[in-house]
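Peer 1: First the structure, then my questions, so here it is.
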Amino acid sequence: RMTRIDFYSNADPRLQAVCLLVGKAFSRRMKVLIFAPEVESAQSMDRLLWTFRATSFIPHCFGHDKLAGNTPIVISRDGAQPGHDEVMVNLSPDCPPTFSRFRRLIEVVGKEPEERGFARERWRFYKERGYEVNHIDLAQPAS
């Protein structure tokens, strides 16, 4: 089976959109690895998962935490094996090195021109390798 790849574009703000998508996956009892190699994005994601909704909490930890194997949402800076193959969310400008292990890869793209350029490169990379790539425009109303 090939990894299903979904690009969510026009995410504004981007990390809030990631929280909503991760929250949706969590509510469906899915396990998620958030690939965030940069310290700032990993820490911002950690903070937002604690605070983005006043009425709910999304259980999560960092990949190096001893509870990572039992926690549904893991933030990883190196993409190390999380003990599941369900969903990976990419916060890197590059393709995650281990994405093909997962059943689904979610790419969340903001509105900044540089970020969009990196996303186009990743899209092309996946398409050239035969992956089916889906696009969801977050600026469009859901049908």
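Every number in this text was worked out from the coordinates using simple rules, so none of it is lab data. No experiment lies behind these values; they were computed from the predicted model shown. In this analysis, Cβ positions are derived from the backbone assuming ideal geometry, glycine residues included, and neighbour counts consider all displayed protein chains.
Peer 1: First obtain the Kirkwood hydrodynamic radius of segment 42-143 from its Cα pairs, then insert it into the Stokes-Einstein equation at 20 °C and 1.002 mPa s, and state the resulting D in µm² per second as a whole number.
Peer 2: Calculated translational D: 139 µm²/s.
Peer 1: So, one more: Quick one, can you get me the convex hull of the C-alpha atoms of segment 1-78 expressed as volume per residue in Å³?
Peer 2: Enclosed volume per residue, from the Cα hull, is 116 Å³.
Peer 1: Another one. With charges set only on the Cβ (+1 for Lys and Arg, -1 for Asp and Glu), what does the dipole of the chain come to about its Cα centre, in debye to the nearest 20? Show your work: numbers first, answer last.
Peer 2: Details: 21 positive and 18 negative charges, 116 e Å.
The dipole magnitude comes to about 560 debye.
Peer 1: Also, I was wondering about something else. In the Gaussian network model of the chain, springs joining C-alpha atoms below 10 Å, which of A54, A68, A36 carries the largest mean-square fluctuation?
Peer 2: Looking only at A54, A68, A36, the biggest GNM fluctuation is shown by A54.
Peer 1: For K111, list the lysines whose Cα falls under 30 Å from its own Cα; do not include residues on the same chain fewer than 8 positions away.
Peer 2: Those lysines meeting the cut-off are K24, K31, K127.
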